[in-house]
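Down below is the structure, laid out as structure tokens.
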Amino acid sequence: MRPRVAAAAGGAIALLVALGACTKNTGEGASVDTERQQTGVIATDPKDSMGPAPAVDGAQAGGTFTVIRETPISHLDPQRTYSFAGLMAAPLFARFLTTWKDDGKGNLVLVGDLAETPGSNVNDDCKVWEFKIKDGVKFEDGRPVTAKEIAYGIARSFDPDLSGGPTYLQEWLADTPQYDTRWDFKANRSALPPGLTTPDDRTLRFEFAKPRCDLPFAVSLPATAPLPPDKDTGVNLGNAPFSSGPYKVTRYQAGVEIVMERNEHWDPDTDPVRHQYPDRFVWSFGPTPDAAANRVIADNGADQSALSWNYVPASLVARVAGDAALRPRTVLSPTPSANQLVINNQRVTDLKVRQALNYAVDREGLVKVLGGQNIAAPMTTLMPSATIGYQAYDAYPAGPNGDPEKARELLGGQTPELVLGAADSSVEQQVATQLKGNLERAGFKITIRNIPDDAKLEEIKKKDNPWDLYLGSWAADWPSGASILPVLYDGRSIKAEGNSNQAYFNDPAINAEFDRILTLSPAEQGPEWAKLDERIMKEHAPVVPLYVDVAYLVHGSKAGGVFVSSVFGYPSFVNAHLKP
Amino acid sequence: MSLSPVDGAALAEIESGGAAGAEAGVSRERRIVGRSPGQLAWLRLRRDRTALVSGAMLVLFVLVALAAPLIELAYGIGPRDQFQSKLDGFGMPLGYAGGVSGDHFFGLEPGLGRDIFIRLVHGLRTSLFIAFAAAVLTAVIGVVLGTLAGYLGGWLDAVVNWITDLTLALPFLVIALALTPTLTLRFYGQRDAVPPAFGIGVLIAIFAVFGWTSTARLVRGQVIALREREFVEAARASGAGLGHMLFRQLLPNTWAPILVSFSLAVPQFITSEAALSFIGVGLTEETPSFGRMIYQSLDYLQTDPAFVFFPGVTIFALVFAFNLFGDALRDALDPKSSR
Amino acid sequence: MARFLVKRTLSAVLTLFAVSMLTFLMFFALPRDPVSGMCPKNCNPERLERVRQELGLRDPLVSQYAGYMKGIVTGRDLGSAQGGRCDAPCLGWSYVNNEAVTDTLARVLPVTASIVIPAAILWLLLGVGLGMVSALRRGTWLDRAAIGFSLTGASLQLYFVGAVLLLVFVYTLRWLPVPGYTSLFEDPVRWASGLVLAWVSLAFLFSAIYARLFRAQMLETLSEDFVRTARAKGLSRTRVYGRHALRAAITPVVTVAGLDVGAALGGTVITETTFGIQGLGRTAVEAVRAGDLPTIMATVLVAAVFVVLANVLVDLLYAAIDPRVRLG
């Protein structure tokens, strides 16, 4: 009797699971527009920085827009914001000195946000910058925003208690990475850091010791959000930020939910990019990316006006892409997040070996492992295509599946034994397994050494890390080569730990090029970075470029206006609205 | 940190059934033939159809696991071979039911495109080895500590009891999660290849450290009950040493419940290995294991149900067979049962 | 009785102490640095080192441990980067969650309790009911069906059952909302509908085991002398089975249930992960991954408290139910 029960139970499961198994997969896919180019310019006409933002077609006011995400946003303090979720949420409740006018299709213009223009380069040497603050910008209590509050916001980011945010402004103003020893915020709360002044209520002035031509980009980060000193609650500001944007935080349940409602003191006429369509935004935390995607696909009740923050997981891509009815509810766009097989240049010193690695990799197979072209798009350059001035090239043409023969030839009979350090997360383990297969096919001997997932980043940032290869990724803070190439490949910045130059690549000639290009005006830099990109790859091959992440989002049938930010690669909410 | 519900319940179950088994002796058999309790149990087991079927299934599983290299040879595909050309642009297997074909009996994994059948065969080998080794170790630790505590009593009993309580109060999952990388670093340099055997060993050790408590409690209870029996007192009175008392007098009379507890522990460790993979502890990608396969397949329930189906049904059948057999074994060892 | 309680309490406190010490030691042996995670992009070593010193991570282990334990009893001052004064019972400040750990606990404990307690009621009722039916109708098809059910349940894994239930009832049939936690006091209907799948799958797996256990106990009890005596005295079947036999047979079930519930309250990692609900278990696992020591310590200690408490309670309950047990 009992075996029969077993058979029955097994049969029931079989039936359930096999329900979807009877269709033949013949393999048809979609395509992603990965070769589009960023137009990225800095607005010169002050009209571009004026509000209101053009109305979104078909958008209407009202309703609750929900964002579902697995991990909570750790805090909403603009000066400490650096995570993608934080960066994309911040524009809802905070305004910055400058911001990106972005259509999600590659048309990108840097405009003034609180400032009337994206800054004026006073002496044309990038050392002195001035920003004129707009008239009529207000906080959530109706007080006007002046240069003083913006300056105070920048000043408080010097406080070591409030770490976690970007450090460009602090380091540039103090002219040292040890900015918190140079100027102590806690002891000088009523003063401003060196080089930062407010000649009058509507003028903010930066004076740097060195040329900082990227300043207009750097002040587009949330760290330039204004804050009146009497509203500074220290570490607790993360739970209740003081709004200057179209929404204000009305409910903050750590780890569970954040509710933002309209801020009636926000004036659309001063704002070139934001809208205020939904009555409220709700950020709901907890469901795994799988659960969130399934929930949004199911399109039930309140989920009709929801967006799953995370990209559609690899396991569900085929289901979502294969359902024509879902097409209007998805957003597909390449992102600026570039992934490489980083070569530790301190250990792998033979250029031929590094070039052989570049030839050996099978990018098409890798994309399959990751879940297809809706998840990843192959790349052969150091900078992602979303960078201003990007030029496509392939320094080591090996076809979509790699060229093991060419790699063997370069190795000339030797069998380099390399250790690939890989995080023990599910995805990275699979990628490492795939790469090991590719490289061994070309004559390498690869050992995969696992590193605990959360420790991996800090480990490979240590100069003396023991691995030859590891997977690295970089998402720039603004789409300029200046926030990619010198950050990742300037060997003079290598320190004991906390390195972004994880290839530990150092070449005097390249370093000199960095210095030269960095003093050019932002508009001239673009093509120069693209040339340098190709030169670094051809002459040194410090990494193996693998792929850029592709954003594939799914939202409910009533959610509209969501696009993927060309700067960060995650959903932007400035145009978000609900359909009737 | 409840991982498996089976632990406590299985123990209590065995205590009730098993204690009676040790006590009863030969009573129900009509024809008075001189048979030992062991022979009787064997007879009952042979007559139980369930036991036969589940037993046969288990033998089959063990044979497959043992013969994995031979099967690989005959099948012509290794557990690490990739067939990415048989995947579509999303990395999903082409063809019907997850790529099932004459070449790939159970189809291919999405993404890496490895053969599911041969990975299952090797995974079976890994999982069965871990489960058996862990069950043997826990049984040994549990029997030794349980017998000593039960027989000697006093402070030793108190200490063993306290350690049992402490072990139960320690969070199994959290410790397993934290300990694995630490141990790896302790034994291997950061560039050394960590052999799969090490990961397997760590898993077995973790199971042993946390799994012995139920056996110890069970054996302790049995020994305390036996301690006061006449034949034990007689042996003690005639001056038998500790070793003789433990190995000649006490243990032979507690083997039945230990055996049942062992047979129920094996499937528990098989599922625990899978559960650990679920939270990210366990073997590396390169070692084929049930746990990892099932954990990875679950996400594909909608897009590639066959990928979930084959490993899922295999592990269900394996665990089910063990549970059936354990049940039958208990019935056979319990003279009061009249199935 | 009093002596028993004192002895039991002492041993419990000792256990908790040992748990706290072991956890502390173990996580300091971890190759993780809780500080490096704080600055995602451009960090410099000197600043990191200053933060480490400020957090006391460079103090001797013993004084760090003493400081932590003192915080639980009297509260302590954590410095402005960690939210300032932390009142007793102070469990520290989590950098990862940017909040006091007591706040984290206050948030996730009700979640786990909301999963476990209704599930436990369900699995006990179902388990005892099934076991009862199958014991009283021994050998019939009912008995066999119940055994089949319980063996199936005992052989299935929660993540498997959970995934199938989700696919069928939530994503395909859409009878239920996606699992999630709403406070019982805020909206009881949403509370129940968000957790019912977790209850059902837990109850299915657990009740299977309880049914087998209870059936064995019941059969055992039915063959005992006092039951036969009661029947012989002419008491009705219902009275004998319902009152006397049930009472005797349920004792071991209570023991096991107590321990199971105690362990489950400390975190149902797999259930919480499967259904995407943020309870104690998932919080603990995430804390280990992130090297968030204060949260690890707190979750481990709370879980240990539940297990130890359950142990003591079970002993007391045992005495209350079974008149044969005397505590001494």
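Taking the criterion of being open to solvent by less than 40 Å² (accessible area, probe 1.4 Å) and either at pLDDT 80 or above or within 10 Å of chain A (Cβ to nearest Cβ) (or both), the residues of segment C:77-87 that qualify are C:G79, C:A81, C:Q82, C:G83, C:G84.
Residues are listed down the side, and each one gets a yes or a no for (1) open to solvent by 40 Å² or more (accessible area, probe 1.4 Å); (2) in a strand (DSSP E or B):
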site	(1), (2)
A:P118	no, no
A:N123	yes, no
A:C126	no, no
A:W129	no, yes
A:D135	yes, no
A:D141	yes, no
A:E149	no, no
A:G153	no, no
A:F158	no, no
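Please return the ranges of helices (runs of 4 or more DSSP H) entirely within segment B:148-261 where 3 or more residues are more than 30 Å from B:F325 (Cα to Cα) and among the small types (G, A, S). Where helices (runs of 4 or more DSSP H) fall fully within segment B:148-261 and carry at least 3 residues being more than 30 Å from B:F325 (Cα to Cα) and among the small types (G, A, S), they are B:154-169, B:230-237.
Restricted to segment A:157-174, and to residues there that are more than 24 Å from the chain's Cα centre (by Cα) and at pLDDT 90 or above, the residue that is farthest from the other protein chains (Cβ to nearest Cβ) is A:L173. Output the residue which, of all residues in segment A:265-324 that are of a type in the set (V, I, T) and closer than 25 Å to B:M92 by Cβ, is most open to solvent (accessible area, probe 1.4 Å). Within segment A:265-324, the match that is most open to solvent (accessible area, probe 1.4 Å) is A:T288.
Among the small types (G, A, S), within 14 Å of chain A (Cβ to nearest Cβ), over 30 Å from A:P160 (Cβ atoms) and in a helix (DSSP H, G or I): is that true of C:A135 in this structure?
no
Of the listed requirements (1) in contact with a Leu (Cβ under 9 Å, 6 or more places away or on another chain); (2) in a loop (DSSP other than H, G, I, E, B); (3) surrounded by fewer than 18 Cβ atoms within 10 Å (Cβ to Cβ), A:S190 misses just one: (1).
The number of residues in segment B:57-93 that are open to solvent by 60 Å² or more (accessible area, probe 1.4 Å), within 11 Å of chain A (Cβ to nearest Cβ) and out of contact with any Pro (no Cβ under 8 Å at 6 or more places or on another chain) comes to 5.
Checking segment A:400-407 against the condition returns no match, with no residue being modelled with pLDDT of 90 or more, closer than 19 Å to A:P542 by Cβ, open to solvent by 60 Å² or more (accessible area, probe 1.4 Å) and among the acidic types (D, E). Would you be able to say whether some residue in segment A:537-552 is outside any loop (DSSP other than H, G, I, E, B) and closer than 30 Å to A:W129 by Cβ? Checking segment A:537-552: not a single residue is outside any loop (DSSP other than H, G, I, E, B) and closer than 30 Å to A:W129 by Cβ. Scanning segment A:484-499 for residues that are of a type in the set (S, T, Y) and either at pLDDT 90 or above or crowded, with 20+ Cβ neighbours inside 10 Å (or both) returns a single hit, A:Y489. I'm trying to understand the selection: among the residues of segment A:64-90, which are of a type in the set (G, A, S) and either under 19 Å from A:V273 (Cα atoms) or outside the structural domain of A:N236 (by TED's automatic domain parsing) (or both)? Within segment A:64-90, A:A85, A:G86, A:A89, A:A90 qualify. Could you go through segment A:74-96 and let me know if any residue there is within 19 Å of A:S243 (Cα to Cα), among the acidic types (D, E) and in contact (Cβ under 8 Å) with a residue 40 or more places away in the chain. Yes: one or more hits. Name the residues in segment B:255-304 that are of a type in the set (S, T, Y) and within 15 Å of B:R114 (Cβ to Cβ), would you? Result: B:T284, B:T287, B:S289, B:S297, B:Y300.
For B:E286, the conditions (1) more than 26 Å from A:A293 (Cα to Cα); (2) in a helix (DSSP H, G or I); (3) open to solvent by 10 Å² or more (accessible area, probe 1.4 Å) all hold with the exception of (2).
So is A:T99 under 22 Å from A:V564 (Cβ atoms), in contact with a Pro (Cβ under 9 Å, 6 or more places away or on another chain), modelled with pLDDT under 90 and polar (S, T, N, Q) or not? It is false that A:T99 is under 22 Å from A:V564 (Cβ atoms), in contact with a Pro (Cβ under 9 Å, 6 or more places away or on another chain), modelled with pLDDT under 90 and polar (S, T, N, Q).
Table: residues versus (1) modelled with pLDDT under 90; (2) open to solvent by 50 Å² or more (accessible area, probe 1.4 Å); (3) aliphatic (A, V, I, L, M).
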{"position": "C:P89", "(1), (2), (3)": "yes, yes, no"}
{"position": "C:W93", "(1), (2), (3)": "yes, no, no"}
{"position": "C:A100", "(1), (2), (3)": "yes, no, yes"}
{"position": "C:T112", "(1), (2), (3)": "no, no, no"}
{"position": "C:G127", "(1), (2), (3)": "yes, no, no"}
{"position": "C:S134", "(1), (2), (3)": "yes, no, no"}
{"position": "C:L142", "(1), (2), (3)": "yes, yes, yes"}
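Can you report the number of residues in segment B:93-108 which are within 23 Å of A:D323 (Cβ to Cβ), touching a Leu at 6+ places or on another chain (Cβ under 9 Å) and not in a strand (DSSP E or B)? Here the count works out to 3.
Just one of the listed residues (A:A298, A:A325) is more than 14 Å from every other protein chain (Cβ to nearest Cβ) and farther than 29 Å from A:W100 by Cβ, namely A:A325.
Residue-by-condition table, conditions (1) within 16 Å of the chain's Cα centre (by Cα); (2) open to solvent by 50 Å² or more (accessible area, probe 1.4 Å); (3) away from chain B (no Cβ under 14 Å):
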site	(1), (2), (3)
C:F214	no, no, no
C:M218	no, no, no
C:A230	no, no, yes
C:T238	no, yes, yes
C:R243	no, yes, yes
C:V254	yes, no, no
C:A264	yes, no, no
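Of the set (1) in contact with a Pro (Cβ under 7 Å, 6 or more places away or on another chain); (2) at pLDDT 80 or above; (3) not aliphatic (A, V, I, L, M), all apply to C:Q278 but (1). Being of a type in the set (D, E), within 14 Å of chain A (Cβ to nearest Cβ) and over 16 Å from the mean Cα position of the chain (by Cα) is a description that applies to B:D192. Of the listed requirements (1) in a loop (DSSP other than H, G, I, E, B); (2) modelled with pLDDT of 90 or more, A:D230 misses just one: (1). Among the residues of segment A:234-252, those that are within 19 Å of A:H275 (Cα to Cα) and in a strand (DSSP E or B) comprise A:Y247, A:K248, A:V249, A:T250.
Name the single residue, out of those in segment A:331-372 being of a type in the set (S, T, N, Q) and within 14 Å of chain B (Cβ to nearest Cβ), that is nearest to A:Y570 (Cα to Cα).
A:N344
The values are calculated or read from the model by the stated rules, or taken from the named source; none is laboratory data. Keep in mind that what you see is a predicted model, and the values were worked out from it rather than measured. Neighbour counts run over all protein chains shown; Cβ positions are idealised from the backbone, glycine included. Side chains are part of the model used for accessible areas, which takes the heavy atoms of the whole protein and leaves out ligands, DNA and RNA. Shrake-Rupley method; radii C 1.70, N 1.55, O 1.52, S 1.80 Å.
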